[in-house]
1. If you go through the stretch 12-43, how many residues are under 19 Å from M148 (Cβ atoms), surrounded by fewer than 18 Cβ atoms within 10 Å (Cβ to Cβ) and at pLDDT 95 or above?
2. Give all pairs with beta carbons closer than 6 Å in which a residue from the stretch 170-186 that is under 12 Å from E152 (Cα atoms) meets a residue that is among the β-branched types (V, I, T) and assigned to a loop (DSSP other than H, G, I, E, B); count only pairs at least 6 apart in sequence or on separate chains.
3. Looking for whichever is without any contact (Cβ under 8 Å) to a residue 60 or more places away in the chain, touching a helix residue (DSSP H, G or I) at 6+ places or on another chain (Cβ under 6 Å) and farther than 20 Å from L114 by Cα here; the options are K63, K55. Which one fits?
4. Search the stretch 188-213 for residues being assigned to a loop (DSSP other than H, G, I, E, B) and more than 18 Å from the chain's Cα centre (by Cα), and hand back the single one that is nearest to H245 (Cα to Cα).
5. Of the residues that make up the stretch 81-91, is at least one of a type in the set (A, V, I, L, M), surrounded by fewer than 17 Cβ atoms within 10 Å (Cβ to Cβ), at pLDDT 95 or above and under 15 Å from the mean Cα position of the chain (by Cα)?
6. Is there a residue in the stretch 209-222 that is out of contact with any strand residue (DSSP E or B) (no Cβ under 6 Å at 6 or more places or on another chain), among the hydroxyl-bearing types (S, T, Y), outside the structural domain of V145 (by TED's automatic domain parsing) and surrounded by fewer than 20 Cβ atoms within 10 Å (Cβ to Cβ)?
7. Which pairs do you get when a residue that is on the phi > 0 side of the Ramachandran plot, found in the stretch 220-248, comes within reach of a residue that is surrounded by 24 or more Cβ atoms within 10 Å (Cβ to Cβ) and not β-branched (V, I, T), reach meaning Cβ atoms under 7 angstrom, with the pair 6+ apart or on two chains?
8. Within the stretch 122-134, which residues are surrounded by fewer than 24 Cβ atoms within 10 Å (Cβ to Cβ) and either small (G, A, S) or out of contact with any Ser or Thr (no Cβ under 8 Å at 6 or more places or on another chain) (or both)?
Amino acid sequence: MIKNVSVIGAGTMGNGIAHVFAQNGFTVNLVDVNPTQLQRALATIGKNLDRQITKGTITEADKKTTLGNISIFSDIPEGVKNAALIVEAATENMELKASIFHKIDEAAPTDCILATNTSSISITKIAAITKRPQLVIGMHFMNPVPVMKLVEVINGYSTKKEVTDAIVALSKQLGKIPCIVNDYPGFIANRILMPMINEAIYSLYEGVAGVEEIDTVMKLGMAHPMGPLQLADFIGLDVCLSIMHVLHDGFGNPKYAPCPLLVNMATAGRLGVKSGEGFYLYNATNKDLVVSPSFRK
């Protein structure tokens, strides 16, 4: 039975994953080489738990227990030495993930399952770095992790069925809904989502309609809770561009070529919510608050 979980990376996804495991009674080691990021992550988890208290979904005692289930480490070997499951949630960069998986493969117990929260990088490619490819799997949580129900469970070429079954059961234990997919570029979530976002950017680039008009059509006409351009801002235009490159390189199909406008905006640092400006301008103190559309070719 899995009870000890290590989460590698204390950014937005990492702290959300740690939050969900800890709230469901798991002992969690949150690992990041940056001590400041670890403290920031704990503060974020505390604030998110406070929101749950305000909504009446948990109590102050639940918050105390959840935070008590989390320990922080800046040293990977120390942080993973007792883990039954490791979930890597570092930046979407293959070289970084390769380095992390090499370290955790060396330091973790031999029967420990190694999962990655990657949204697009090949599980098979990551698994090949390790001495245990049969124990490597994708566990793609959605942002914000405490709220979103989906976990995309991605089988690598060598992933054992017992590992898949364990991660499916574990996802349900977290109150999530797991969907099993196979390891091809973009999996399912991003193979469908990112071309839609890219096409919305093309529509803007070609002058078919404006930012608000494109998003309004998709919200009111297709019942999407957020328009594709605002969603791109939320994800990060650098991340969107990276995933389009993965799709384009993986399939060799020109339909996955990133829009030149997306390339320019990412290159210029207009990354969306995280930079304060993308297809929209965002409030400096509350970046969830849209100020106005912001677009130039």
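The values are calculated or read from the model by the stated rules, or taken from the named source; none is laboratory data. What you see is a predicted model; the values in this text were computed from it and never measured. Backbone-built Cβ (ideal geometry, glycine too); neighbour counts: all protein chains shown.
1. Here the count works out to 1.
2. Short answer, once both residue conditions are applied: V181/I188.
3. The unique qualifying residue is K63.
4. Restricting attention to the stretch 188-213, the residues satisfying the condition of being assigned to a loop (DSSP other than H, G, I, E, B) are 188, 206-210.
In the following step, the residues that additionally are more than 18 Å from the chain's Cα centre (by Cα) were identified as 206-210.
Values: E206: 21, G207: 24, V208: 24, A209: 25, G210: 25 Å.
Across the stretch 188-213, the extreme among qualifying residues is E206.
5. Our first condition is that a residue be of a type in the set (A, V, I, L, M); within the stretch 81-91, this holds for 83-87, 89-90.
Now drop any that are not surrounded by fewer than 17 Cβ atoms within 10 Å (Cβ to Cβ), which leaves none.
Within the stretch 81-91, not a single residue is of a type in the set (A, V, I, L, M), surrounded by fewer than 17 Cβ atoms within 10 Å (Cβ to Cβ), at pLDDT 95 or above and under 15 Å from the mean Cα position of the chain (by Cα).
6. Step one: of the stretch 209-222, the residues out of contact with any strand residue (DSSP E or B) (no Cβ under 6 Å at 6 or more places or on another chain) are 209-210, 213-222.
The next check asks that each one be among the hydroxyl-bearing types (S, T, Y); those that pass are 216.
From the residues that got through so far, the ones that are outside the structural domain of V145 (by TED's automatic domain parsing) too are 216.
Pick out the ones that are also surrounded by fewer than 20 Cβ atoms within 10 Å (Cβ to Cβ) and you get 216.
There is at least one residue in the stretch 209-222 that is out of contact with any strand residue (DSSP E or B) (no Cβ under 6 Å at 6 or more places or on another chain), among the hydroxyl-bearing types (S, T, Y), outside the structural domain of V145 (by TED's automatic domain parsing) and surrounded by fewer than 20 Cβ atoms within 10 Å (Cβ to Cβ).
7. G236/G272
8. S122, K125, A128, I129, T130, K131
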